Amino acid sequence: MASPFMSEHDPIWSVLIHLLVTLLVLFIVIRLIYYRYTRNERRVFSFFQMGVMIFLVCILLKSVEIQLGIALGLFAIFAILRFRSRNLSMRDMTYFFTVIGISVINAMATFYNPVRGMIVINLVIILSTFILEVFFNKRAYDTATLIYDRLELLAPDKNQELLSDISSRSCKKVEKVEIKKIDLIKRNAELEISFRSTGTGNQD
């Protein structure tokens, strides 16, 4: 009599192996790379849980033989609906897409040699992420979001005055300002400021 927990052809073991690989890659990318260079604890949990849930949903979608393109389209729609009102930085959006890619690839991709294929693809993801962080970011800047009330300084020709005013108020050497949203009724704006890192990281 076959055991309800073990079977020679039970696909659950393959799913568990793929899940373990996915968790390992997510840990390396999110905890060892993303967190190291951003110190943003708030999104570590979200990225991990999104990765796990996307992996499990892909496994279910695979069982009903849905096309990979349709699956990616669904995730893109969900991402837009979820994050369209949030001011995610370009880096966070990149990591968000990387998490989706890791989960979808490990759940649905088939390789001629499964072990070698998974190792190569995941190593490419890990190495590319690490190399880009090391050579292009280097934690040169921290970022923060603030509400600013002097709209007259948002004009392009008053950029230096804007930087000086925000620097004096925030007690930080602000070197870049990006306008996220302007509220003409309340007469204020939401800005993302970039300043030289002091080792504390981004706490957004």
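Taking H as built 1.01 Å from N, whose amide H comes closer than 5 Å to the amide H of Val174, not counting residues under 5 places away?
Ser167
Modelling each spin label as a point 7 Å along the Cα-to-Cβ direction, I'd like the Glu175/Glu152 distance in nm, to one decimal.
That separation, rounded to one decimal, is 3.0 nm.
What accessible area, in Å² to the nearest ten, does a 1.4 Å probe give for Tyr35?
Using a 1.4 Å probe on the heavy atoms, I get roughly 30 Å².
The values are calculated or read from the model by the stated rules, or taken from the named source; none is laboratory data. Because the structure is predicted, anything quoted here is derived from the model rather than measured. Cβ coordinates were reconstructed from backbone atoms using ideal geometry, including for glycine residues, and neighbour counts include every protein chain displayed. To get the accessible areas, we keep the full protein, side chains included, count just its heavy atoms, and leave off ligands, DNA and RNA. Shrake-Rupley method; radii C 1.70, N 1.55, O 1.52, S 1.80 Å.
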